[in-house]
Structure formats: C-alpha cells, structure tokens
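Novice: A single structure is presented below for examination.
The values are calculated or read from the model by the stated rules, or taken from the named source; none is laboratory data. In this text, all values refer to a predicted model and were calculated from it rather than measured experimentally. Please note: Cβ atoms are built from the backbone with ideal geometry, for glycine as well, and neighbour counts cover all protein chains shown. Protein only, heavy atoms only, side chains kept; ligands, DNA and RNA dropped before computing areas. Shrake-Rupley method; radii C 1.70, N 1.55, O 1.52, S 1.80 Å.
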Amino acid sequence: RGHEIEDPEFRGVHSAGMPASKRRIPVSQPGMADPHQLFDDTSSAQSRGYGAQRAAGGLGYPASSASPQAAFLADPVSNMAMAYGSSLAAHGKELVDKNIDRFIPVTKLKYYFAVDTMYVGKKLGLLVFPYLHQDWEVQYQQDTPVAPRFDVNAPDLYIPAMAFITYILVAGLALGTQDRFSPDLLGLQASSALAWLALEVLAILLSLYLVTINTDLTTIDLVAFLGYKYVGMIGGVLMGLLFGKTGYYLVLGWCCVSIFVFMIRTLRLKILAEAAAEGVPVRGARNQLRMYLTMAVAAAQPLFMYWLTFHLVR
C-alpha cells in the first residue's frame, strides 16, 4: 500500500509513556494520483482525448469527412444498402407507372374530368332541355376529341360522379324526414344504385358484342352517359320532398322524357353513324338491330330513374 513513516510530532508522546501511535501516510508512487484527493480525477484523460480531437479538427471540433467518397470508405456497408434501397424504390415507382394504366386508365380519366363551371352549367341545361339543341356532333382535333370544357357534347365523368354522391345525400335526407334513416339502409341504397349501373354497362357491352357493332363508344363513355340520369333523379326526389308526390311525378316525368331524348340523339351518333360509315343500308337487318339497341338503352333510363326513387317519396 505505502511505506509506514513515523510522525516526529508523536515521538515525545511515545517517550512520555503514552501508547505508541503511528499515522500511516501513503506515499505516492510514480503514476499514482494525489493521495490527498478524495475522488479520482478523470478530467485529464478526457482532456487528452478532446485535445486530440481538436488537433484533428483544427478548429476545436471533431474531424468530419471531407467528401462523400470518404464517408463511403468510412461505412461502406450502410451506404451500399442505402444506395441499393434508393435504386429499388426508383425501379418500383417506374414499374407502377408503366402498369397502372392496365388497370386504371388514369390518362383517360383526366380527359373526362377536364371540365369548368361554364361546361357544367351548359351540360345541366342540355340534360333538362335537350329539345332545342341542334348540333350533337362531338368536336375533334387531329383525330382526338376535344376536352369536355370546349365541347358541351363531349361526355364527362364529373357530373355523373357528383350527381351520384348528391343522389345518395338526398336519399338520406328523404329517409330522415320519414324517420326511416339508418346507415345500413343508406348503404343499401348506394350499393343497389351502383349494382344497377354496372349491370347496365355489362348488358350494353354484351349487346354490342352480339350485334357485332364496331363503334368508338368506350366503357367509360357508357358510364358517363348512363350516369346522367342521376341529375333527373335528384330533381324528382327534391320536388317530392317539397311538394309531395305531385311534384315528384311532374318533375321526374319531365326528366325521364328529357333523358330519353338526350340518349337517343347522343347514342345514335355513336352507334348508327358507324353503320353509315360502313355503308350498311338504313333499312338493313343489322342496322335495325342497332336502332333497337339504341332505343332500348334510352328507354331503360326512365325505368331505372323511377325504380331507384319511388320509395323515397311518400
């Protein structure tokens, strides 16, 4: 531990007959701490380490990598994993962008939502008063139909989508006024309307296939044309809430006739015009089937309008 050193102050006491008393004072050895210090001093080691860092940094801060190459060399595994993850994410995004159009035609959907306030106003007027409209041809620019906001005859999905949502809200309002509202009943109303719409589209596509009609009428066009009937359904239900069944039948009847005329004049350009371009005789058997199909689609709209709304007005 240390060498025992006799304290000279106690020599007289020892010689006077007092008990011998010696105080052991540890003698510091080279490399040991101060024996009078209560705690170990660790600041020297830290100061030495911090001084080394200051010396490396040059300005009192730890040294940092001077370039990305130095960082990569300092930790190559993590940087390589980060680079691989970035390349994998970029490849996945590119793969999704290439294949998303196979399932959801985003580019085509943008065309059907290219509308403005003026177009919406004109289109709603055309749906309610189609009798005075003369030119039903869709305008083209370099073999591509112009955006709906430039042509009131072009089909769109904005009005059908908003009309469907509004129809569900109005149906909930009508059920609430009759104390029959429930989330399940409202969900049934929405699902039944979508189911009937999908059934209509499938039936028309199957009919076009069986009749072998070559037309530029796409599935999205059919959804747009068939979705316009929700506008008249909203008007009928609202008038039924305000004026009873009399107002419901009057407004719904007017809208049913209007949508019938609208569908006839719109679809005949899509179906019968192709027959004229192919040189099919007007009174030919195939052309007669085209006419019957056009009238059947137009006549089905008033039936669905009544079927989906008559129980909402009492």
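Novice: Where does the Debye-calculated log10 I(q)/I(0) of the stretch 158-310 sit at q = 0.13, 0.17, 0.18, 0.21 Å⁻¹, using only Cα point scatterers of equal weight, no solvent?
Specialist: Debye output, listed in q order: -0.63, -0.95, -1.03, -1.28.
Novice: Calculate one ³J(HN,Hα) per residue across the stretch 259-264 by plugging θ = phi - 60° into the Karplus curve 6.51 cos²θ - 1.76 cosθ + 1.60, and present them in order as whole Hz with x for glycine and proline.
Specialist: 3J(HN,Hα) across the stretch 259-264, in whole Hz: 5, 5, 5, 4, 5, 4.
Novice: Please report, as a whole percent, how much of the solvent-accessible surface of the stretch 158-310 comes from carbon and sulfur atoms (probe radius 1.4 Å).
Specialist: Roughly 73 percent of what the probe reaches on the stretch 158-310 is carbon or sulfur.
Novice: Which peptide among 216-223, 115-122 comes first, and what is the full order, when sorted by highest mean count of other Cβ atoms within 10 Å? Mind showing how you got there, number by number?
Specialist: Numbers: 216-223: 16.2, 115-122: 13.8.
The most tightly packed comes first, giving 216-223, 115-122.
Novice: Can I ask one more? Can you give the local net charge around R149? Use residues other than it whose beta-carbon is closer than 13 angstrom to its beta-carbon, Lys and Arg +1, Asp and Glu -1.
Specialist: With Lys, Arg at +1 and Asp, Glu at -1, the neighbours total 0.
Novice: Return one whole number: the accessible area per residue of the stretch 158-310 in Å², for a 1.4 Å probe. Please report the intermediate quantities before stating the final value.
Specialist: Numbers: 7510 Å² over 153 residues.
Value for the stretch 158-310: 49 Å² per residue.
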